[in-house]
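Asker: Before we start, here is the structure in question, set down as structure tokens.
The values are calculated or read from the model by the stated rules, or taken from the named source; none is laboratory data. Note that the coordinates shown come from a computational prediction; the quantities given were computed from them, not determined experimentally. Here the Cβ positions follow ideal geometry from the backbone for every residue, glycine too, while neighbour counts run over all protein chains shown. In case anyone asks, the SASA skips ligands and DNA or RNA and just uses the protein heavy atoms, side chains included. Shrake-Rupley method; radii C 1.70, N 1.55, O 1.52, S 1.80 Å.
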Amino acid sequence: MTEILPPNQQQMKQHVQSIRTWFASGKGQRLLSLEKPLIEQALTYYFGRFLLQAGPLYNLVQPIKDVDEIISVGCEGFNADIVCEEHAWPILTEGVEAVVLQHTLDFAYSPHNTLREAARCIRPGGHILIVGFNPYSYWGIYRRCHFGVLSKSHSITYSRLMDWLRLLGFAVERTWKGAYGLPNSVVVDKVIGLEAIGQHRKWWGNGFYIVSARKMMIQPTPLKSKKKSILGTLAPIPVVNRNDVRVDERHS
């Protein structure tokens, strides 16, 4: 995957504005409406003092059961609580219980570095929730044909995301899928019921995926000595005492 670095602050602001404009459109709002109930279902399993959400979307608001406070981080223009670079958050290592990345990796300049930064901030036993586009879907085809900000998104495949999470020490606990219908045909989807059929039959052509993973608690295990005693494998050999040896002088 090619990582594109932002050339200047002005282009960064334009990038942020383009993302917000698309999600405010009819298709963007429709996608968010499909994601919202699944995200809320996923968050019922989360608990702790701090939950961190990273841009571009900040759809989570209080109250969330068993979560005391929600903090947002993001680049300038995202209207976040904490303004920072996408790969350098001013958060203590293992300082939060959960991180939510709703299409954050799709629009990040460096998705892998952003995910690594999120993993650093989560304490062992904490959770990460990731929402991303599925490139192998009607929405994926629409993204490739789009001439706006969607065409510049990464759309990381589910299998690649699983590899990244595994390398960072996460174990996937639950997954949700949605947006089985056509992006340009709301009426047809309602008549045919593609979303309901897709959810029931678990079709592969979902427009987005939601992954909930837990950070594993890894503790160093002391290495045991590999030395093995060879005394037990050797047969005892009698030692002859010279004082006990008697020579028959008649044969000498």
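Asker: Does Phe23 qualify as being of a type in the set (Phe, Trp, Tyr), open to solvent by 40 Å² or more (accessible area, probe 1.4 Å) and either at pLDDT 85 or above or under 23 Å from the mean Cα position of the chain (by Cα) (or both)?
Answerer: The answer is no for Phe23.
Asker: Of everything in the range 120-144 that's of a type in the set (A, V, I, L, M, F, W, C), within 19 Å of Ile210 (Cβ to Cβ) and touching a Gly at 6+ places or on another chain (Cβ under 8 Å), which residue is surrounded by the fewest Cβ atoms within 10 Å (Cβ to Cβ)? Step through it out loud before you land on a result.
Answerer: Just the residues of the range 120-144 that are of a type in the set (A, V, I, L, M, F, W, C), to begin with: 121-122, 128-131, 133, 139, 141.
Restricting the remaining residues to those that are within 19 Å of Ile210 (Cβ to Cβ) gives 122, 128-131, 133, 139.
Among the residues that remain, those that are also touching a Gly at 6+ places or on another chain (Cβ under 8 Å) are: 133, 139.
Details: Phe133: 26, Trp139: 24.
Within the range 120-144, the match that is surrounded by the fewest Cβ atoms within 10 Å (Cβ to Cβ) is Trp139.
Asker: Hand me the list of strands (runs of 3 or more DSSP E) wholly inside the range 34-119 holding 1 or more residues that are open to solvent by 80 Å² or more (accessible area, probe 1.4 Å) and modelled with pLDDT under 95.
Answerer: Ranges flagged: 48-54, 67-74.
Asker: Has the range 132-144 got any residue that is outside any helix (DSSP H, G or I), among the hydrophobic types (A, V, I, L, M, F, W, C), touching a Leu at 6+ places or on another chain (Cβ under 6 Å) and touching a residue at least 40 places away in the same chain (Cβ under 8 Å)?
Answerer: no
Asker: Residues to consider are Ser151, Ser155; find the one that is at pLDDT below 95, part of a helix (DSSP H, G or I) and not hydrophobic (A, V, I, L, M, F, W, C).
Answerer: Ser151
Asker: Are there any pairs with C-beta distances below 6 angstrom linking a residue in the range 81-101 that is of a type in the set (Ser, Thr, Tyr) to a residue that is open to solvent by less than 90 Å² (accessible area, probe 1.4 Å) and not in a loop (DSSP other than H, G, I, E, B), with the two at least 6 apart or on different chains, and if so which?
Answerer: Short answer, once both residue conditions are applied: Thr93/Arg120.
Asker: Within the range 162-173, can you find the residues that are open to solvent by 20 Å² or more (accessible area, probe 1.4 Å) and either under 16 Å from Gly207 (Cβ atoms) or assigned to a helix (DSSP H, G or I) (or both)?
Answerer: Met162, Asp163, Trp164, Arg166, Leu167
Asker: Considering only residues that are free of Cβ contacts under 8 Å to residues at least 24 places away in the same chain and among the hydrophobic types (A, V, I, L, M, F, W, C), look in the range 145-161 and name the one that is surrounded by the most Cβ atoms within 10 Å (Cβ to Cβ).
Answerer: Top of the filtered list is Cys145.
Asker: Look at Arg214 and say whether it is assigned to a strand (DSSP E or B), among the basic types (Lys, Arg) and modelled with pLDDT of 95 or more.
Answerer: Considered against the rule, which asks whether it is assigned to a strand (DSSP E or B), among the basic types (Lys, Arg) and modelled with pLDDT of 95 or more, Arg214 comes out as yes.
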